[in-house]
1. Between residues in the range 183-200 that are in the same structural domain as K167 (by TED's automatic domain parsing) and residues that are within 16 Å of ligand 1 (Cβ to nearest atom) and not in a helix (DSSP H, G or I), which pairs lie under 6 Å by C-beta distance while being six or more apart or on different chains?
2. If you check D75, D30, D52, which single one turns out to be buried (at least 18 other Cβ atoms within 10 Å of the Cβ), at pLDDT 50 or above and among the acidic types (D, E)?
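The values are calculated or read from the model by the stated rules, or taken from the named source; none is laboratory data. Source: prediction; values computed, not measured. Cβ coordinates were reconstructed from backbone atoms using ideal geometry, including for glycine residues, and neighbour counts include every protein chain displayed.
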Amino acid sequence: MTHGHRRPGINTGGSHLSCSYWLHRASEPDGEVKIEVLFKPEECTPKSKRGDLINVHYDGFLAKDGSQFYCSRSDKTGHPQWFVLGVGQVIKGLDIGMIDMCPGEKRKITVPSELAFGVHGKGPVPPNATVVFEVEVYSVSRGPRSMEAFGDMDLDKDKSLTKAEVKEYLKLEYEKGGKPRDDPFYEKIMADIFRKSDHDKDGVISVKEYNIYQHDEL
Ligand SMILES: [Ca+2]
Ligand SMILES: [Ca+2]
């Protein structure tokens, strides 16, 4: 499967589960996001809210026949994706359906086309398609809205984030969740974060680059 364009809500990897473990046929919702909690840790904190930076793995399926239009777990370049919840970095249905999730929680989120890929569809998703995502949250942290989080990451307080600084932060986040990872794992996430945030490509994320969401209504 090729990905010739950027598709909202794609991410990958990190889990030992195979894509085939979750095949299903969803019922058609009426213009609303339908959430089913598949797994919830006993200790379910922190809970995600708008503006949080979350790290998530998810697979996408077409509701009509359960066929998979994206399988991040089998994507070799894949890794769990970081995005800011509630600001349109993923399809609307996921922004809605992923609120109040804690690390370790898994959900099945059924999204009507108008809150997904709409009347035109996108890539392998046909027009007017209801889609289903199986989502697993790895971490939830204060988002780019929070300059406090920036301050936490900016270890030398020079008002810019190097890869080393962001990596330290990620490591702490992962170790907190009891899921330490190897270096290549972090390198992939770093590449993802810097591709999205380091707009002038100077190798560091400035306050301005970091805080591009400040004008969003959260
Ligand atoms: Ca710094
Ligand atoms: Ca920069």
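1. That search, which allows pairs on different chains as well, returns S197/I205; D198/I205.
2. Numbers: D75 fails: buried (at least 18 other Cβ atoms within 10 Å of the Cβ); D30 fails: buried (at least 18 other Cβ atoms within 10 Å of the Cβ).
Selected residue: D52, the only one of D75, D30, D52 that is buried (at least 18 other Cβ atoms within 10 Å of the Cβ), at pLDDT 50 or above and among the acidic types (D, E).
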